[in-house]
Structure formats: structure tokens, C-alpha cells
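Structure, as C-alpha cells:
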Amino acid sequence: MPSTLTRRSILAAGATLALPRALRAQALFDTDVVIVGAGPAGLGAARACARDGERFVLLEARNRIGGRVFTDMSLGAPYDAGAFYIHWAERNPWRTIADELGVSARDENAFPNGAWLSFENGAPVERSGRRRQFAELSRRFDTDQSDVPDVSFIQRVADAPDLLPGARGMARMAVGEEAERISALDYARLWSGDDLIVPQGYGALVAQFGAQIPVKLTTPVTHIRWDGRGVVVESAAGSLTARAVIVTVPVGVLAAGAIRFTPELPAVTQEGLGGLAMGALTKIGLRFDGARFGLPVNSNLWDESPDGGGVNFECWSFDRDIIVALFGGDFARAVLAQGERAAVETMLDRLTAMLGPQVRAAFMGSSVNGWATDPHAMGCYSHALPGQAGARAKLAQPVGDRIWFAGEATAVGDGEFGAAMTAGGAFLAGEAAVRAVRG
Ligand SMILES: Cc1cc2nc3c(=O)[nH]c(=O)nc-3n(C[C@H](O)[C@H](O)[C@H](O)COP(=O)(O)OP(=O)(O)OC[C@H]3O[C@@H](n4cnc5c(N)ncnc54)[C@H](O)[C@@H]3O)c2cc1C
């Protein structure tokens, strides 16, 4: 129906335009900012809005906050199913938040070292020469980024075939992806520093922080329209208009088309998305009855198999009766494709081959955290494809001065993207997006 512009409505519109920007937005839109996703980035954005006096609405698809930082309690004792370390703690906002909340976060070296044992297909092996190989891998991959070309992990070790198995293993366990598909330059940009561990759980810390922030749970956003003034955000709870939207959903979710944009996103944003992908790092928690199979607290069993199916079994962290199986890459995708029950059986078979039949006798329960098949994550965290180290910067560009993508994939730190992939970086990206929205 065409609107009839009366003299009164024209006067009202004129009065609206004369108001300061913030008040004008109040008159025009349901809220100032809609934040999509209540993981670390969304929570960082929400806190920044609250501090700055911006009106906001935070919409979350899951029935909980925290996103990929989640402390799983389903086995009767906590373990982190996603993020575990507060990386580069010297400048990580989660360290400050832990201090403010009185939550213990301690240097990883403060915990006792258990056994480190290597196996191949369940049989114990001696791994000689590994120390020299790790030192050389670290030099090539963690070094000064100005020295690293934008090539794959494989090309980065092309002149040193003896480093190839190590580069493949590192790619799968650190990025969750196959070495052919990761940009060495993007990886070299990551910050390093002290790594802290939160005994109560990193996810529990994030949940405690977010408990005071208003959020609409179980509300997946399906459509964002930016064809008029501001944005219209459509979700399970209906339509909401806002001056701007901060989208913090993982890039895997965006690439899968879970949120439609009208009009389509500009070429630069699509190029950014196309240059990023997500790995498949997976954790399966296995609960035992108190039997410890002769392994001290904080032991690690590394079981390799020539087909790429390397699994690290982290045993009895914090003296809890849980072993966490950690694995990534195409092997993880294949394991998850079998279904949860078969995935647990695969891990129990491998533990049995290493430790004996008492493993099955003492097994009490499991929980599978397959982030790669989780529709609200679609992977563990982002990495740039070879030749695409510029992708994060492209995705971070605002769209029409009203859509901002923020999250671990766009985590800026002095413009160097060194905070990418992490919960700390996501929080910083959320805060930065709010500053940008304010202009
Ligand atoms: C196995 C594993 C280990 C990790 N280890 C570490 C570590 O040790 N240290 C570290 O710093 N980081 C680690 N990470 C990465 C860390 O978890 C992420 O970097 C961080 O969670 C990113 O935060 P985010 O807010 O960008 O995204 P997320 O945490 O994914 O939050 C995004 C939110 O958006 C929601 N969402 C999705 N779709 C929609 C929709 N349509 N509508 C509304 N909401 C939606 C999601 O449910 C989610 O809550 C790990 C991740 C995994 C999976």
C-alpha cells in the first residue's frame, strides 16, 4: 500500500533528521545493533555496546551461550570440548576477565607432567630425531611472518622431505586440516605467548562472564536484509530492524548459506569467505571408572597410523577420570561420518590396542564433540587457503556501512590478524566491530 505523506508525517520526518544520530536511530529502528551469535565475539560486542550505551539485541541459535568455548559436563566431571588454552595471555582479554571474576587461570607449566608415550597402530614406538624435527618445523612455521611465503604447509617443506610427516601431523592437530589446504603465511601470523589453563573450564569461564548479558537463545538468524535503511534481521523470533548488524557466526556457517543476505554480499566479502575454510579438530570424551591403567595424571598417548589417523589421547587432566581423544583433518571427517557410536568404538579399539582389554571393562560413557558436523559451527576454526592470506582482511571490511563480520576469522590485532582462530581474538573482534559501528 503506497503511504500517503501528510504534512504532519513530513514534519515528523524532518524532526527525526534533526536529532543526533543515536536518538535518530532510536526513532527509526527497533534497536541500534543486532548481534548474531553469543560466542566470545558476540559477548565481547554485547559488553562493548552495554558500556557505550548502545541499544543491542543478541540472538543465539543454540540453547546456550559460549559457542565453540564449551565445558562439557555430561560425563559427570568437566572437560573442555572446544577451546582449552587462554593463548598469548599477556594481552588476552579472557585473562583479565578471569582475574576480575576470581576464576583461576594458571600457566600450563604449573601442572605436573605425566607420561608422553608414542605408538603406531597401537604398538609402542621409539621416536628418535623428533626433537630436531620439531625445532625445524617450528622455525619454518612459527617464525617471523615477513620470511614466510603464502604457500601451503606442504610447499613450505618442499626442500626437506624428512619434515613432511611432521608438517602433516602439525596441520591436523594445530589447525584440524590437511597440510595441502593451509596457508603457511596465515599460520605464521598467529601471535604466541604464555598459555594459561582454566581448571574449572574455559567454557565455564565464558558462561560465567556471559550470564549477566541479555540474550535470546534458540533463535537462529536466517535472513539479513540490507536493501533499505539500516538492516532487517529475520530469525525464529520474527523480524527486527536495526541501524547495524554484527554477524559473529563461524565462516563455515556462512559458507553453508545458513543466513541469506538480500541483496547478496559484495564481491570483496565473498572473496574473503571463499579464501577461508574450517578445519575438523574433534574431541571425544571417554569416562572411566577410576582405573588409571598405570598412567599418571596428565599423560599423553600419541597413536599414529600411516593413513593419517593420528590421535592424541589426553589422560586424567586435573586428576579427573576422563580421557579426551583429539584428532583432526580428513580422518576426523571420516570418523564422524560413521556416526557417534562407531566413532567412540574406534577410539576404544585404539586405546585397547595400546593399553589392553581392561580399557573396555573400565569404560563408563562418552560424549562426542564433532564440531565439523555441528550445524552452528561447521568446523573447529578458520584458516586461510594457500595464496589467500588476504582473505581475513577482506571479510573484515564493513558491508554498506551496516553489516560487520566479527569473530575469530576476522580477529584483528594492530591490523595483523595475529589473534585469529582464538577465543581471545574473537572477543577483540567483537569489541572492534562495536567501535566501527559507532564510527
Ligand atoms: C576443538 C577446539 C579446540 C579449540 N582450542 C582453542 C584453544 O585452546 N584456545 C582458543 O583460544 N581457541 C580455541 N578454539 C577456537 C575457539 O573456540 C574459537 O576461536 C572461538 O570460539 C571463536 O569465537 P566466535 O565468537 O568467533 O565463534 P563461536 O564461538 O562459534 O560463536 C558463534 C556463535 O554463533 C552462533 N550461531 C551460529 N549460527 C547462528 C545463526 N544462524 N543465528 C544465530 N546464532 C548463530 C553459534 O551457535 C555460536 O554460539 C578451539 C576450537 C575447537 C573447536
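The values are calculated or read from the model by the stated rules, or taken from the named source; none is laboratory data. Predicted model, so just to flag it, every value in this text is computed and none were measured. In this analysis, Cβ positions are derived from the backbone assuming ideal geometry, glycine residues included, and neighbour counts consider all displayed protein chains. Side chains included, ligands, DNA and RNA excluded: accessible areas come from the protein's heavy atoms. Shrake-Rupley method; radii C 1.70, N 1.55, O 1.52, S 1.80 Å.
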>> Looking only at the stretch 45-68, count every residue that is more than 12 Å from Asn369 (Cβ to Cβ) and part of a loop (DSSP other than H, G, I, E, B) and tell me the total.
In response: 11
>> Looking at Ala337, Ala396 in this structure, which one is open to solvent by 50 Å² or more (accessible area, probe 1.4 Å) and of a type in the set (Gly, Ala, Ser)?
In response: Ala337
>> Go through (1) part of a loop (DSSP other than H, G, I, E, B); (2) of a type in the set (A, V, I, L, M); (3) free of Cβ contacts under 8 Å to residues at least 60 places away in the same chain for Ala325 and report which single condition fails.
In response: (1)
> Among the residues of the stretch 78-92, is there at least one that is part of a loop (DSSP other than H, G, I, E, B) and more than 10 Å from the ligand (Cβ to nearest atom)?
Replying inline: yes
> Can you tell me how many residues in the stretch 211-233 are surrounded by fewer than 18 Cβ atoms within 10 Å (Cβ to Cβ) and either away from the ligand (no atom under 14 Å from the Cβ) or not aliphatic (A, V, I, L, M) (or both)?
Replying inline: 11
> Identify, please: which residue in the stretch 71-117 is in contact (Cβ under 8 Å) with a residue 24 or more places away in the chain and at positive phi and is, among those, least open to solvent (accessible area, probe 1.4 Å)?
Replying inline: Trp88
> Within the stretch 299-325, how many residues turn out to be more than 16 Å from the ligand (Cβ to nearest atom) and not acidic (Asp, Glu)?
Replying inline: 10
>> With the condition being away from the ligand (no atom under 16 Å from the Cβ), I'd like the strands (runs of 3 or more DSSP E) fully within the stretch 356-439 carrying at least 2 qualifying residues.
In response: 363-369
> Quick check: anything in the stretch 265-279 near the ligand (Cβ under 10 Å from one of its atoms) and open to solvent by 30 Å² or more (accessible area, probe 1.4 Å)?
Replying inline: no
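Results for (1) polar (S, T, N, Q); (2) open to solvent by less than 50 Å² (accessible area, probe 1.4 Å); (3) touching a helix residue (DSSP H, G or I) at 6+ places or on another chain (Cβ under 6 Å), shown as yes or no for each residue.
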| site | (1), (2), (3) |
| --- | --- |
| Glu126 | no, no, no |
| Ala135 | no, no, no |
| Asp147 | no, no, no |
| Ala171 | no, yes, yes |
| Leu190 | no, yes, no |
| Gly201 | no, yes, no |
| Phe209 | no, yes, yes |
> Inside the stretch 253-279, can you point out the residues that are touching a helix residue (DSSP H, G or I) at 6+ places or on another chain (Cβ under 8 Å) and assigned to a helix (DSSP H, G or I)?
Replying inline: Leu254, Ala255, Val268, Thr269, Glu271, Gly272, Leu273, Gly274
